[in-house]
Structures are given as C-alpha cells and as structure tokens.
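As structure tokens, the structure follows; a few thoughts come after it.
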Amino acid sequence: MRVVAKFGGTSLGSGDRINRAADSIAKAVEQGHEVAVVASAMGNTTDELLDEIEYEADDADRAEIVSMGERTSVRMLKGALSARGIDAIFLEPGSDEWPIITDEYGEVDVEETKKRAHALAGQLKDVVPVITGFLAQDHEGNVTTLGRGGSDTSAVMMGNYMDADEVVIVTDVEGVMTGDPRVVEGPATSARSPSTNSGRCRSAGPRSSPRRHLPTRTRTSRCGSPTTSTATC
C-alpha cells in the first residue's frame, strides 16, 4: 500500500517524539508499504519565528525565515530514519526533486506539481522522501508558503498527486475529551477512552481537508502507526 503520512508539530516536538515517529515509519516500510512523509515544524517553531520578526519584512524574507522550522524537522526525521537503516531523503524548496510549485499569483501550479509528484512516487520502492510541509517554491526558485494549515494541504495534495491509497494525519493529544467542547461546558480530558478495546484507540477521519486535493482515503491517527486503522495508545 502507498501511504502519505503527515506528522504535525506536536508529533515532532521533541527527540522522543521524533524517535516514535521514525519507529512507526520504519515499521510501515518493513511491512512492505511505500511511504512518503510530510513534516511540520517542530512544536511551536513557526509561531516563535514569526514572533521574533519585529521589523517590516517583505513576503520573500518572511517565507525564508519561517521555513527554518520545517527545514529542521525534515533533517531531524530523516536522520532518525537513517539511524534505523531506512533509506530516506529530505526534500525542501530548492531540492532538485522538490514537488510543490506555485505560479506567479502564489497559487499551486497543479500541472507542474502533478508531474513532479508523479516522478517522486516512482521512487517510493527505493526511498522514503521526508517533505517539508507548508512550504512551496515558485518557478524562479523562491520559497513560498501555503498558509495556515499548509502542512495538511501539502499532505493531501501529495496523496492525491502521488496516487496514494491513504493519507494519514498524525498528531499527539493529551487525552480524549469527555464531551464536545463546542457543546459541553468544561469537558474533562481523560487519559483513556471508555470506548476503546484492549487499550487500542481508533482513528477518526478528518472532513476538513481541502476537497480539491482529497485523495482516496484520509484519516487522522492520534496515537500510533500511520498504516493501520487502529493504533496503540
């Protein structure tokens, strides 16, 4: 099965979490799956970088600055995969094989991105690409961004254009809330879900992904492997 797995900032927020992410990817590869990874910036790095820009930066400089979060994440995760004997590469804007291209209006150049994503998909039998989420590149080679939530957009777009069987959005949470906070006042957070069976936590399918990039199947894994419909908490 071909899978695109996106790891959010909380899932890459520390060395321990990066190790857990690398373990789940390595397990999927060892099981024979083709895996492409999209990585967000570690923790709150993007917000912290933005907070430090206390001057009038133009869009190009701002994009280069905030890109440092994702650039660090892909290097960390690629290194963790290599330490596990997984043949991995990191891809960022400027890489020869970088897939996501924007036009002069800052919109995704769909045809060029499809072509590059298809070429990258052809390498998945041999390598795990670790792709910076949120970032893109224009035809002149300048760094551009996909806006807030851009890493999810990167993942579902790659899933679609790489003909993935499944896109998995992986995130770490403190626990399961006892009620919908939009409906219930002051819901508690439980470390365990009363509906789980034998300590296993089911994945929930997100419905907020951009429809124009939606692949065959998309789901959110909150506590484990990106390749199964259940995950060990």
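Annotations for the structure displayed:
- For region 27-136, chymotrypsin sites (Phe, Trp or Tyr not before Pro) meeting the loop criterion (DSSP other than H, G, I, E, B) and having at most 11 other Cβ atoms within 10 Å: Tyr55, Tyr105.
- Neighbour cut-off at most 15 other Cβ (10 Å), DSSP loop, trypsin sites (Lys or Arg not before Pro), region 1-41: none
- Nonlocal amide H pairs with Thr145, under 5 Å, H built at 1.01 Å: Ala136
- Sequence-distant residues sharing a close amide H with Phe90 (under 5 Å, placed H): Val130
- Restricting region 1-60 to GluC sites (Glu not before Pro) in coil, as DSSP defines it, with at most 11 other Cβ within 10 Å: Glu52, Glu54, Glu56
- Vicinal HN-Hα couplings computed from phi for region 126-136 (Karplus, 6.51 cos²θ - 1.76 cosθ + 1.60; Hz; Gly/Pro x): 10, 8, 9, x, 10, 9, 5, x, 6, 9, 9
- The stretch between Lys125 and Glu112, if pulled fully straight at 0.36 nm per residue, gains 2.4 nm over its current Cα-Cα span.
Values quoted throughout were computed directly from the atomic coordinates according to the rules given, and no laboratory measurement underlies them. Here the structure is a predicted model, which is why all the values come from computation and not from measurement. Cβ coordinates were reconstructed from backbone atoms using ideal geometry, including for glycine residues, and neighbour counts include every protein chain displayed.
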